[in-house]
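Read-outs throughout are calculated quantities, based only on the coordinates presented, and are distinct from any laboratory measurement. In this text, all values refer to a predicted model and were calculated from it rather than measured experimentally. Heads up, the Cβs are rebuilt from the backbone with ideal geometry, glycines too, and the neighbour counts pull from every protein chain shown.
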Amino acid sequence: MPAAIPLGLAWTSPFAKWGGRLSEVNSLDVAEAVTRRALAERSVDIEQVDELVLGWTVPQPDIFYGVPTLATRLGASNVSGPMISQACATSVAALRAAAASIDQDLAQTVLTVLTDRTSNGPLLVYPQPSGMGGAPTTEHWVLDSFARDPGTAQSMLATAEAVATEEGIERAELDDVTALRHMQYGERGGRGDHVVPIVIPGRRGDLVVDSDEGIRLSSLEELAALKPAGRDALHTFGSQTHPADGCAGAIVTSVERARELSGGAGVVEILGFGTSRVAPARMPKAPVPAANRALAAAGLDIGAVDLIATHNPFAVNDVYFARQTGFPLDKMNQTGCSLVFGHPQGPTGMRSIAELIALLRERGGGVGLFTGCAAGDSGAAVVLRVRD
């Protein structure tokens, strides 16, 4: 019997723009505020939780003690569990760890929390006693990672450009899919009962983030007028994602327990996971083999999938995926995607998963696939089924 998410018990905060309202708030504080509110609104007693999986990618003060610190703040001082950090694949990796605990009877109810703040990423200083004058080396955790994959010396944008060029994808196609994603978000994105506002108490009043920050809905005409993101580039700053801050989460348990916790609303069966790695500097291709492996693990093919959500930091991701699988672009990302609402890394995938679940619930059930690329030319995917 697969692990499951009780219907209604997957959530996301709104995302704040890079340098915006959450830029000076510890992501553990955001995780506490969002998770506490999510559990209270869904009448889940923290005492029912016997494991916590915490996913993050950008170090914050006190993150060394991340799981026990967050668990204690939430009132679960006897609960522990793993911390997961796998760049943009962190949400799928954390969900996989939670499902494994259920499948192996290591836990009965797992709280899975994803949180990140890409704003104001840390500058790391590494001692180098043997260097000239003992001068240390430094690394900016966020900016240096964005700029260069140490395995290929290529930026993430370079991987998108390489795939677009090799596949004969033109600028107009990238602008078309970007405009579609903005339209989808404008029609349905950023709202629903799976969205949990962020409320951080402060001495001068509460800091409240109750809607996505930094959204700029773009028409095809506006996108076409943008300059390339680099020399001879096909992508623009409109057809790639932007860094963000936020949090997301879910309860993972058995199917039987999920039915109880959902109050009869239904369950989200976790059917299969898949990971992949493609050729060097070809990151946007990775969601395809990851999806294929997740579908194979679930015993399904792409024809059985009703809806797809993707983490698509570049518009080329979705164009390539549609070409390779034949899946219609308009049946993907129907409430928008990270291309529009931004990318806090750790929680990005879980937000899309929560939105995918909400859409499947709205249509009365069905099979959903989430897939996305991640640093190091890798990808991760999960197949879900919403049912009574």
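Near the amide H of H140, under 5 Å away, which other amide H atoms are found, from residues 5 or more places off or on another chain, if H is placed in the peptide plane?
L124
Among T12, T178, T325, which one shows the highest mean-square fluctuation when the chain is modelled as a Gaussian network with alpha-carbon springs under 10 Å?
Result for the chain, Cα springs under 10 Å: T325 fluctuates most.
Please compute the Kirkwood hydrodynamic radius of region 239-311 from all pairs of different C-alpha atoms, in Å with one decimal.
Values: mean 1/r = 0.0656 Å⁻¹.
One decimal place: 15.2 Å for the Kirkwood radius.
Could you work out how much longer the chain between E170 and N78 gets when fully extended? Use 0.36 nm per residue separation minus the Cα distance between them, nm to one decimal.
Numbers: separation 92, 0.36 × 92 = 33.12 nm, distance 5.49 nm.
Full extension of this stretch gives 27.6 nm more.
Express the Stokes-Einstein translational diffusion coefficient of the chain in µm² s⁻¹, to the nearest whole number, given a Kirkwood radius over alpha-carbon pairs, 37 °C and a viscosity of 0.692 mPa s. Intermediate values should be presented prior to the final figure.
Details: Rh = 20.9 Å.
Value of D from the Cα-based Kirkwood radius: 157 µm²/s.
Compute the convex hull volume of the Cα atoms of region 232-385, divide it by the residue count, and report the result per residue in Å³ as a whole number. Mind dumping the intermediate values first?
Numbers: hull volume 17.6 nm³, N = 154.
Dividing the Cα hull volume of region 232-385 by its residue count gives 114 Å³.
Which order, highest average first, do 47-60, 217-230, 259-272, 111-124 follow once you tally other Cβ atoms within 10 Å for each residue and take the mean per peptide?
Working: 47-60: 22.7, 217-230: 14.6, 259-272: 19.3, 111-124: 24.2.
Packing order, densest peptide first, comes out as 111-124, 47-60, 259-272, 217-230.
Calculate the FRET efficiency for F64 and S130 from the Cβ-Cβ distance with a Förster distance of 30 Å, rounded to the nearest 0.05.
Numbers: r = 27 Å, r/R0 = 0.90.
Rounded to the nearest 0.05, the efficiency is 0.65.
Restricting attention to region 114-188, which GluC sites (Glu not before Pro) occupy a DSSP loop and are surrounded by at most 13 other Cβ atoms within 10 Å?
Within region 114-188, the qualifying GluC sites (Glu not before Pro) (loop, at most 13 other Cβ atoms within 10 Å) are E170.
Determine the sum of side-chain charges near R323: Lys and Arg each +1, Asp and Glu each -1, restricted to other residues whose C-beta is under 10 angstrom from that of R323. All intermediate terms of the calculation are to be shown ahead of the outcome.
On the way: positive: none; negative: E167, E173, D318.
Here the charged neighbours net out to -3.
Rounded to the nearest 5, what % of DSSP beta bridges with both residues in the chain are antiparallel?
Numbers: 47 of 64 bridges.
Percent antiparallel among DSSP bridges in the chain is about 75.
Can you give the helix-only mean residue ellipticity at 222 nm for the chain, where every DSSP H stretch with n ≥ 4 adds -39500 (n - 2.57) and the sum goes over all residues, rounded to the nearest 500 deg cm²/dmol?
That calculation yields -9500 deg cm²/dmol at 222 nm.
How big is the equivalent ellipsoid of region 1-97 along its three axes, where each semi-axis is √(5λ) from the Cα gyration tensor, reported in whole Å from largest to smallest?
On the way: eigenvalues 88, 51, 49 Å².
Working from the Cα gyration tensor, I get semi-axes of 21, 16, 16 Å.
Pop the C-beta distance of R37 and T137 into the FRET formula with R0 = 35 Å and round what comes out to the nearest 0.05. Walk me through the intermediate numbers first.
Details: r = 41 Å, r/R0 = 1.18.
The computed FRET efficiency comes out at 0.25.
Could you please state, rounded to a whole Å, how far the C-alpha centre of region 265-280 is from the C-alpha centre of region 1-33?
Measuring centre to centre over Cα atoms gives 20 Å.
Restricting the calculation to Cα positions, tell me the Rg (one decimal) and the Dmax (whole number) of region 195-266 in Å.
Expressed in Å, the Cα Rg and Dmax of region 195-266 come to 20.4, 56.
Semi-axes of region 85-186's equivalent ellipsoid from the Cα gyration tensor, sqrt of 5 times each eigenvalue, largest first, rounded to whole Å?
Values: eigenvalues 201, 176, 40 Å².
Here the semi-axes work out to 32, 30, 14 Å.
Counting only other residues whose beta carbon sits under 14 Å from that of A229, what net charge do I get with K and R as +1, D and E as -1? Mind showing how you got there, number by number?
Details: positive: R171, K227, R231; negative: E161, D175, D232.
My count for the surroundings of A229 gives 0.
What does region 130-214 give for Rg and for Dmax, in Å, if only its C-alpha atoms count?
So, for region 130-214, Rg and Dmax equal 21.2, 59 Å respectively.
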